[in-house]
Amino acid sequence: MDEIILQAPNFEMTQLEFITRLMTATGIGLVIGLEREFAQKDIPEGFFAGTRTYALVAILGFMTSLLGVLFSENLILVITAGVALIISLGYFITAWKGSVGSTTEFSVFICFGLGLISFYGYQSIALTLTVIVTVILSMKLKVQKVIGKLTQEEIYAFVQFVVMALLILPFLPNENYGPYDVINPREVGLVVLLTSGISFVGYILMKFMGANKGILITGILGGLVSSTAVTWNFSKKSKETPSLSLNYTVGILAAACIMMVRVFFLVFIFNKAMLNGFILPLFVLFASAVGITAYFNKKQLSNTSVNTDIPLGDPLNLKDAFFFGILYTGILILVSYANAEYGSKGIYISSLISGLTDIDAITISVSKLAGNTIDFTTAQIAVLIATLSNTIVKIGISISAGSKTLKKSIIIGYGIVFVAGVIGFLILNF
């Protein structure tokens, strides 16, 4: 099976490789074809291509590459053009019969291409693309259902977000300005985009999944990027809808759980050795956050007084997002001022101040320095200090912007997390 059966300049293939790649191409055609045939089984006038056709198209793509290696690469272009012509003719025939749509035709051409690259040994890429294509093809009814429920305001909000993300943010200056040279317009724009994005994702999830699941999932996803932004956003919304205060509490605390996971992975990526002796304090913090999140989640599930007719408000909520961006910039200047005043008087003071905005920057910084200019224990304590500082900030945000119920719940929830951080601090020192 290891015998070389095909050899050409810069290319060779064994018998086993030939069989494996051919089976991959055939399997790709069968999978995509099965999905297409199932999706079109109720069409009375028949359909353009079924399972067998897709399998044959994938094999044709495989053979096209084979012919290109054996004879001339120009054959690949010729056969590809021929396949495109046949698919185009099939499209015009089905369109003439009244069935207007090009999804199947495009999927046939993609299937041909996947068979073509399978020959060259890119099975993992071909299989990954096959999964993506199959998922997209099977999403038709769900996508139509979702789009049918969207309002003009929601579509406009999505367009605004796309314009901000693709046409405004990339063109903002990526340079530092202002006091202490710390105001970066692109970074501030990213904060605004993130905050409004969390608001928009939460709006959509709540609309289609309901308050309980929508808020929880938004908190988890938001925690992957900024638990502070989640706290700000949900605290504001708790005042708009006080009956959902417990739900928003769960979302905020869920973001805190993800923040702990984020810290672990940042340390692991930038200085794996720093985890020695640090896993236990991190676990104590994570376990306390998970425990209190589970408690409030159980409590809100038993809350029968929740109003299911939720006023969703502004989908994008740009006003609050811009205000948060201004607040973020102000804290950056305050952090820079404190660093300039205290200088080298202690990494701990810098960590305390850096935690006012976010813990990612200080975590990465001390992880890079740990074992070189500072010892591991100092770096570990610095991360814990930043975490405790950030926790206090989020308690303050909740108190200033949240409803009465959310204030009380967050004080209890984040209070327990804070105590867990103190315990972690004691573990490191004693």
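Some points to look at:
- Each other residue within a Cβ distance under 12 Å of I4 adds +1 if Lys or Arg and -1 if Asp or Glu, for a net charge of -4.
- Rounded accessible area per residue of the chain, 1.4 Å, Å²: 52 Å²
- Relative contact order (percent, whole number), the chain, Cα cutoff 8 Å, 6+ residue spacing: 14 percent
- Rolling a 1.4 Å probe across all protein chains gives T293 an accessible area of roughly 20 Å².
- Percent carbon-and-sulfur accessible area, the chain, ignoring ligands, DNA and RNA, probe 1.4 Å: 69 percent
- Rounded to the nearest 10 degrees, the angle from helix 376-401 to the longest Cα principal axis of the chain is 80 degrees.
- When each of K237/K407; K236/K408; K319/K404 is checked by Cα-Cα distance, pairs over 21 Å: K319/K404
The values are calculated or read from the model by the stated rules, or taken from the named source; none is laboratory data. Since the structure is predicted, the reported quantities are computational estimates derived from the model, not experimental observations. FYI the Cβ positions are ideal-geometry reconstructions off the backbone, even for glycines, and counts take in every protein chain you see. When the accessible area is computed, the model is the full protein with side chains, heavy atoms only, and any ligands, DNA or RNA have been set aside. Shrake-Rupley method; radii C 1.70, N 1.55, O 1.52, S 1.80 Å.
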